[in-house]
Amino acid sequence: MHALVRHPCAPPSELVSLEAACDRLRTGAWEFRYLLRAEGAAFTFLAPLFPFRAYRAERTPRRADRLWEHTCFEAFLASANRSDYREFNFSPSGDWAVYDFSDYRQGRADAPVEAPKISTRLRPPLLELRAVVAYSDGAAFSDAMRVGLSAVVETPGGLTYWALHHAGERPDFHRRDGFLCEPGRG
């Protein structure tokens, strides 16, 4: 697991830590894991955002835009020698989005992928999200992969932004200098 750091422009947070990891599974699928440790008011605020069985049974998770306006776990996948990249958004509700970009914040389009399998667990003071994404077009992203792991977490004080590395004055998860993770093999 890699420790994510809070962007300094975000409001102070009672979050204790946020960690993330990614692995390329033997099946060719990608697995992303996020572990959020929250204390006090932050945990009380976050707990209802994570689905329980009854909630998940009432609705089917769906592709949705603008998930980053609330708590959303994200990953960015790119080849070192190409300008295009893919963005994954995973909501604790089970909703998701996957976008392809032709270059830095250019040419965004819905990626042709199956719905990821997203599971969440609440074990106070931990919130855990795991997403597995099948990859039918894996050849497009097979050479010298770099991954950016990040999250937007809604707290009582507002949105906080977490990533492996923040290079700018404002949070920007699309910057290649934040794509620091080399995926492991699971």
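Yes or no, residue by residue, for (1) over 17 Å from Asp65 (Cα atoms); (2) modelled with pLDDT under 95; (3) part of a helix (DSSP H, G or I):
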| site | (1), (2), (3) |
| --- | --- |
| Tyr99 | no, no, no |
| Val113 | no, yes, no |
| Ile118 | no, yes, no |
| Leu122 | yes, yes, no |
| Leu127 | yes, yes, no |
| Ser136 | yes, yes, no |
| Ala139 | yes, yes, yes |
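Among the residues making up segment 141-152, those that are among the aliphatic types (A, V, I, L, M) and modelled with pLDDT of 90 or more are Val147, Leu149, Ala151, Val152. Taken over segment 29-79, residues that are at pLDDT 70 or above, of a type outside the set (Lys, Arg) and in a loop (DSSP other than H, G, I, E, B) amount to 8.
The set of residues in segment 70-118 that are closer than 30 Å to Gly157 by Cβ, surrounded by fewer than 18 Cβ atoms within 10 Å (Cβ to Cβ) and without any contact (Cβ under 8 Å) to a residue 40 or more places away in the chain comprises Tyr99, Arg108.
The values are calculated or read from the model by the stated rules, or taken from the named source; none is laboratory data. Values in this document were obtained by computation on a predicted structure and should not be read as measured data. Note that we place each Cβ from the backbone using ideal geometry, even for glycine, and neighbour counts take in every protein chain shown.
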